[in-house]
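Asks: For reference, the structure I am asking about is given below.
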Amino acid sequence: MAHPIKCQCGYIQGTVAALEQATRIRCYCKDCQAFAYFLGDAGTILDSNGGTDIVQTSPSNITFFQGTDRLACVRLTEKGMVRWYANCCRTPIGNTLPSQNFSFVGIVHNCLESSERQLNDFVGATGAQINTESAEGDPKPKSFGILPIIGRNILRMIKDRVNGNYKKNPFFVSETDEPISKPQILEEENYNAL
């Protein structure tokens, strides 16, 4: 069953399929926190400890019906992940690796229009909490589930590589392996300011 993806203003719309095969994590890394501040909406993206709820799946499960001309991306560092957002309303969409050859997307919960309970129903409970050393406040959340999540993502990437689905990636031009939008790369001082 496909689940809607939509930016806050509704310009970007699409679906993500096979959520029952996706994995769900909560990431507390400094980069996920910096991305939320870059978008200017940390209060709705981050939880009270600075974590981001992310649904990990194959990019081939995502279909955009409209608005790809408004998909923009940023790399917080020159070698960082490609972080996608709607430039019309600055809604976070997801995170990809810098090449379509690594078939991975982490969809940020804000574009899924789902409550915590609905995400539990569609995807399941959070399977991992990672980078908790960067969490805000005390006590810090406990880290768990990282190895099974890494294993599932590697298996998903291998499967997509074998069946050719890695080229069905709405964030990249398949012939050139370039992102559909040129990534903005933040200067170090801008990243540190976030």
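The values are calculated or read from the model by the stated rules, or taken from the named source; none is laboratory data. Since the structure is predicted, the reported quantities are computational estimates derived from the model, not experimental observations. For neighbour counting, all protein chains shown are included, and Cβ atoms are generated from backbone atoms with ideal geometry for every residue, glycine included. Remember, those area values only see protein heavy atoms, side chains included, never the ligands or the DNA or RNA. Shrake-Rupley method; radii C 1.70, N 1.55, O 1.52, S 1.80 Å.
Asks: In the stretch 96-118, whose amide N lies under 17 Å from the spot 7 Å out along Cα-to-Cβ of residue 21? List them in ranges.
Replies: 102-107
Asks: Mind checking which aspartates and glutamates have their Cα closer than 17 Å to the Cα of residue 30? Skip sequence neighbours fewer than 8 apart in that chain.
Replies: 41, 47, 53, 78, 133, 136, 138, 187, 188, 189
Asks: Through the Karplus equation 6.51 cos²θ - 1.76 cosθ + 1.60, θ set to phi - 60°, convert the phi angles of the stretch 123-135 into ³J(HN,Hα) values in whole Hz; use x for Gly and Pro.
Replies: Running phi through 6.51 cos²θ - 1.76 cosθ + 1.60 with θ = phi - 60° gives 10, x, 5, 4, x, 7, 10, 10, 6, 5, 5, 8, 5 Hz.
Asks: How much solvent-accessible surface does residue 159 expose, in Å² to the nearest 10, with a 1.4 Å probe and all protein chains in place?
Replies: Approximately 130 Å² for this residue.
Asks: Calculate for the chain the 222 nm mean residue ellipticity that helices alone would give, adding -39,500 (n - 2.57) per DSSP H run of length 4 or more and normalising by residue count, nearest 500 deg cm²/dmol. Walk me through the numbers before you get to the answer.
Replies: Numbers: 5 runs with 45 residues, N = 194.
Mean residue ellipticity, 222 nm, calculated: -6500 deg cm²/dmol.
Asks: Whole-Hz Karplus ³J(HN,Hα) for the stretch 49-62, in order, using 6.51 cos²θ - 1.76 cosθ + 1.60 and θ = phi - 60°, x for Gly and Pro?
Replies: With coefficients 6.51, -1.76 and 1.60, one gets 9, x, x, 10, 7, 10, 9, 9, 7, 7, x, 5, 7, 9 Hz.
Asks: Using only the heavy atoms of the protein chains and a 1.4 Å probe, how would 3, 109 rank by accessible area, largest first?
Replies: Numbers: 3 15, 109 40 Å².
Largest to smallest exposure gives the sequence 109, 3.
Asks: Let me ask something else. So for the chain, taking the charge dipole from beta-carbon charges (+1 Lys/Arg, -1 Asp/Glu), which of 143, 172, 194 sits furthest toward the positive end?
Replies: 172
Asks: Which residue fluctuates most in the GNM of the chain (Cα springs below 10 Å): 136, 116, 175?
Replies: Checking each option, the largest mean-square fluctuation is seen for 175.
Asks: Further question: Which length gain, in nm to one decimal place, applies between residue 194 and residue 180 when the Cα-Cα distance is subtracted from 0.36 nm times their residue separation? Display every interim value, and only then the final one.
Replies: Values: separation 14, 0.36 × 14 = 5.04 nm, distance 2.54 nm.
Extending this stretch completely gives an extra 2.5 nm.
Asks: Calculate the dipole size of the stretch 38-176 relative to its Cα centre from +1 charges on Lys and Arg beta carbons and -1 charges on Asp and Glu beta carbons; express the result in debye to the nearest 20.
Replies: Details: 14 positive and 13 negative charges, 112 e Å.
It works out to roughly 540 debye.
Asks: Further question on the same structure: May I ask which residue of 105, 129, 40 lies farthest towards the positive end of the charge dipole of the chain, with charges of +1 (Lys, Arg) and -1 (Asp, Glu) on Cβ and the Cα centre as origin?
Replies: 105
Asks: Moving on to the next point. What does the charge count around residue 122 come to, taking other residues whose C-beta lies under 13 Å from its C-beta (Lys +1, Arg +1, Asp -1, Glu -1)? The partial results should precede the final answer.
Replies: Working: positive: 24, 117; negative: 20, 53, 113, 116, 121.
Local net charge: -3.
Asks: Same structure again: Near the amide H of residue 144, under 5 Å away, which other amide H atoms are found, from residues 5 or more places off or on another chain, if H is placed in the peptide plane?
Replies: Placed amide hydrogens put 129 under 5 Å from residue 144.
Asks: Would you mind calculating the gained length between residue 78 and residue 101 on full extension (0.36 nm times residue separation, minus the Cα-Cα distance), in nm to one decimal?
Replies: Working: separation 23, 0.36 × 23 = 8.28 nm, distance 1.84 nm.
Result for the pair: 6.4 nm of gain on full extension.
Asks: If amide hydrogens are placed 1.01 Å from N in the peptide plane, which non-local residues have theirs closer than 5 Å to the one on residue 136?
Replies: Long-range HN contacts for residue 136: 50.
Asks: Moving on to the next point. Only sites in a loop by DSSP and with at most 10 other Cβ atoms within 10 Å count here; which trypsin sites (Lys or Arg not before Pro) in the stretch 24-132 make the cut? Mind dumping the intermediate values first?
Replies: On the way: sites: 24, 26, 30, 70, 75, 79, 83, 90, 117; in loops: 79, 90.
Those satisfying the criteria are 79.
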